[in-house]
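The block underneath contains the structure these notes are about, expressed in structure tokens.
None of the figures in this text is laboratory data; all of them are computed from the coordinates on show. Quantities reported herein were computed from a predicted structural model and do not represent experimental measurements. Here the Cβ is made from the backbone with ideal geometry for all residues, glycine too, and neighbour counts use every protein chain on show.
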Amino acid sequence: MRIAVIGTGISGNVAARHLCREHDVTVFEAAGHVGGHTHTHDITWRGEKHAIDTGFIVFNDWTYPNFIALLEEIGAAALPTEMSFSSRCEASGIEYNGASLNKLFSQRRNLLRPAFHAMIRDILRFNRESRELINHGDEGLTLGSYLAENNYGRMFVNNYIIPMGAAIWSTDPQQMLDFPAGHFVRFFANHGLLNIKDRPQWRVIAGGSREYVEKLVAPFRERIRLNEAVLAISRAIGRRAAMEMLLTGRYFSAQEAKQLGLVNRVVSLENLNDETETLANQIAEASRFVLSIGKQGFYAQVDQSDSNAMHYAKHTITMNLKAIDAQNGIKAFLNKEACVWQNC
Ligand SMILES: Cc1cc2nc3c(=O)[nH]c(=O)nc-3n(C[C@H](O)[C@H](O)[C@H](O)COP(=O)(O)OP(=O)(O)OC[C@H]3O[C@@H](n4cnc5c(N)ncnc54)[C@H](O)[C@@H]3O)c2cc1C
């Protein structure tokens, strides 16, 4: 079978690796590098070279059994590492690290700060009590409501839970309190973050995470097409036609595919290059600025609900109308004349 895999993150790469053993696989990647969130950069610091991971960095021996098996299969070496949490609040100047008692009180004045002691008590209480949410949690309960209902202190919320959650999920601190409490606590429990002692051993890939990516994609490296974003995948094919395809497995002609809405144009093989070039030239004639707004808008709206998409379109169209190219384009369209773009 000819199979297209979209994306060279861990999901696409593992799928492509398994599928390429028996099938003709092509992998499309929108970005200019292979690996998705796995992204390693070479940095020179004080004369020494370092491979720095800015996306996927660590894994552990509790929750990654399949990943560990994959690393063994492809022969990628891992090294033990430490994971600890540090927080520094610019407003209050409070700073600590959770790795040891000494680092917890690295600012010795916190020994005399009652609010700091209250935060530590709250951490221990949260580790103990929040476990009740693992199996019986109300999925609609947000982290913010849970903490408020259980009277957790301000310092625990602002200097521990919010920065810790925002760091783990690389997310805006403002949004952490809206996070589902059950999911938050399950993640913490699964990764040993509710324990003071019994914690998983964290590991990194020797030489940076890119080392495993190169080994993983080796069997299909030449089948990866970088800088090629897939426009859309459509399932909008009628149920009857879909059932026929499924039950018969027969090949559909290009004309039939067009009738079904699977493709938008059919051209003969000898005209394919010319037709593609004509289409590309036609698009290239338009204003680059207006095209980029349109393309961005398409991607942003395609997965939104109708009302959200309408709201988005209203905003985008208004912004677009401010551009001189958009105004010229509309004028030319209404006057049925060719448009002269300023931003081609
Ligand atoms: C900053 C950061 C740090 C992280 N650290 C860790 C960590 O230490 N440990 C851990 O376990 N997890 C970590 N994660 C989470 C982990 O990296 C992700 O869960 C994982 O990488 C997701 O893999 P994926 O293949 O699903 O998606 P991605 O890695 O996002 O890959 C998706 C790929 O698809 C491509 N793509 C998207 N749309 C198209 C299109 N239309 N056409 C073609 N290509 C397309 C993208 O360019 C991308 O390369 C981290 C995430 C982030 C953001």
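Extension gain for residue 67-residue 89 works out to 4.4 nm (0.36 nm per residue, less the C-alpha to C-alpha distance).
Here the Debye sum runs over all C-alpha atoms of segment 1-115 as equal scatterers in vacuum, and log10 of I(q)/I(0) at q = 0.12 Å⁻¹ comes out as -0.71.
Protection proxy ranking for 12-18, 169-175, 43-49, using the average of other Cβ atoms within 10 Å per residue and placing the highest first: 12-18, 169-175, 43-49. I need the fraction of alpha carbon pairs in the chain separated by more than 35 Å, rounded to a whole percent. Beyond 35 Å sits 49 percent of the P(r) for the chain. By the beta-carbon count within 10 Å of each Cβ, the least crowded to most crowded order of 61, 42, fewest first, is 42, 61. Can you tell me what share of the DSSP beta bridges in the chain is antiparallel? A percent to the nearest 5 is fine. Counting only bridges with both partners in the chain, antiparallel ones make up about 70 percent. Computed from label points 7 Å out along Cα-Cβ, the spacing between residue 279 and residue 228 is 1.4 nm. In the neighborhood of residue 156, defined by Cβ-to-Cβ distances under 15 Å, what is the net charge if each Lys or Arg adds +1 and each Asp or Glu adds -1? So the surrounding residues net to +2.
In summary, the lysines within cross-link reach of residue 314, defined as a Cα separation below 30 angstrom excluding same-chain residues under 8 places away, comprise 295, 322, 331, 336. Its Cα gyration tensor gives segment 64-206 an equivalent ellipsoid. The semi-axes, each the square root of 5 times an eigenvalue, are 28, 21, 14 Å from largest down. Diagonalising the gyration tensor over the Cα atoms of segment 269-344 and scaling each eigenvalue by 5 before taking the square root yields semi-axes of 25, 20, 10 Å, largest first. Near residue 61: Cβ cut-off under 12 Å, other residues only, Lys/Arg at +1 and Asp/Glu at -1. The net charge is +2.
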